[in-house]
């Protein structure tokens, strides 16, 4: 059973499904993530698929500075993702609020205060290569020893 | 004859280099070009704590100048810094570098200069002298200055003349805004004027 699970994990970590959610960004980081899908960066060659469906996602990319409208939406979305799962904060906004972190703005960064964040990619926006690096570095960790020790 | 030509046709298609490429194809490693602005890195030159970097920085909390055992050092905070390169451009000593900002600034002879203008609202100023006493430039010139802001010399930055604050030597101002923080009426304002200038090359 342990060997079978190991094989399953080894295969699954080469086929990562990604969903992204924009919790109030300026669209700069969204465009950099879209650039990852384009032929120049082409994340599918690394076995990363963007379906944007939390039910089949392994990695959630969070973009944006967490506006009040997401208060009752982001956590349910995070809970819909089946285990094992990780979230990556893309850009400055989910880390610190970036330029919007000023008095009187309706944002509540960091996103790590609302859902567990495993990795942060700083930058305004981060480069597609940096986003790719973060996803690729985290992909083997998602399924490492998943359900192996329990059995 | 027919069969051998068909065989050669197949062999052409299973050429080892093509087969290998089919299974292992990857985009060439994408390198960050040298002209991309990264997070500012120290060049090793000494920081004189002019704080121009903190004054021009558009991102809240992205840069601090902190004191360490060997002097002042700018600290870039990732997660706040937007890599605009303005701190690199505004620094009078070239303490930071990022991409080719320093090279292009030197090549084009451009600079970001900060000047300071002090406006005193003479209606709400009550001449308490808090601004003149709190001002760190004044303290360096006239450490004896105390309550009331009466000056012992006439080349101070701020002093109180006839019950009103008076700006004497505006050129001495370093834009720290300490006077603003100490004014009980909000009567004094320091404007930081950022100008991009280019030296006329002959």
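Every number here is computed from the coordinates shown, using simple stated rules; none is lab data. What you see is a predicted model, and the numbers here were worked out from it, not measured in a lab. As a convention, Cβ positions derive from the backbone with ideal geometry for all residues, glycine included, and neighbour counts pool all protein chains shown.
Computed over chain A, the quotient of the alpha carbon radius of gyration and 2.2 N^0.38 Å is 1.07. The equivalent ellipsoid of region B:1-53 has semi-axes of 61, 8, 7 Å, largest first, where each one is the square root of 5 times an eigenvalue of the Cα gyration tensor. With q set to 0.20, 0.23, 0.24 Å⁻¹, the log10 of I(q)/I(0) for region A:1-70, from the Debye formula over equal scatterers at the Cα positions, is -0.87, -1.02, -1.07. Here the Kirkwood formula puts the hydrodynamic radius of region A:45-134 at 13.7 Å, using every distinct Cα pair. With contacts taken as Cα pairs under 8 Å and at least 6 residues apart, region A:12-151 reaches a relative contact order of 28 percent. Axis of helix A:28-37 versus longest Cα principal axis of chain A: the two differ by about 30°, to the nearest ten degrees. For region B:114-198, the fraction of alpha-carbon pairs lying more than 15 Å apart is 52 percent, rounded to a whole number. Taking 0.36 nm per residue of sequence separation and removing the Cα-Cα distance, the residue B:17/residue B:32 pair yields an extension gain of 2.5 nm.
For peptide A:116-129, the mean count of partner chain Cβ atoms within 10 Å of a residue's Cβ comes to 3. Residue-normalised convex hull volume from the C-alpha trace of region B:157-202: 98 Å³ per residue. With neighbour counts taken as other beta-carbon atoms within 10 Å, the residues A:127, A:144 rank, fewest first, as A:144, A:127. Per residue of peptide A:94-107, the mean number of Cβ atoms on other chains within 10 Å of the residue Cβ is 3.
Measuring nothing but how far apart in sequence close Cα pairs (under 8 Å, 6+ apart) lie, relative to its length, region B:75-202 scores a relative contact order of 30 percent.
Within 10 Å of the Cβ of each residue in B:34-42, the mean number of Cβ atoms contributed by other protein chains is 1.
Across every pair of non-identical alpha carbons in region B:52-126, the mean reciprocal distance, once inverted, gives a Kirkwood radius of 14.3 Å.
Computed across region B:76-120, the Kirkwood hydrodynamic radius from all distinct Cα-Cα pairs reaches 12.1 Å.
When A:124, B:135 are sorted by how many other C-beta atoms sit within 10 angstrom of their C-beta, beginning with the fewest, the order is A:124, B:135. Where does the Debye-calculated log10 I(q)/I(0) of region A:105-151 sit at q = 0.15, 0.19, 0.30, 0.32 Å⁻¹, using only Cα point scatterers of equal weight, no solvent? Those come out to -0.59, -0.80, -1.09, -1.11, one per q. Looking at the protein assembly as shown only, what percent of DSSP beta bridges run antiparallel? Nearest 5 please. So the antiparallel bridges amount to about 60 percent of the total. Taking only the Cα atoms of region B:1-115, the radius of gyration and Dmax are 26.3, 89 Å. Stokes-Einstein diffusion of the protein assembly as shown at 37 °C, 0.692 mPa s viscosity, Kirkwood radius from Cα pairs, rounded to a whole number: 131 µm²/s. Ranking of A:55, B:37 by neighbouring Cβ atoms within 10 Å, starting from the fewest: A:55, B:37.
When the P(r) is computed for chain B, the part past 21 Å accounts for 67% of the Cα-Cα pairs.
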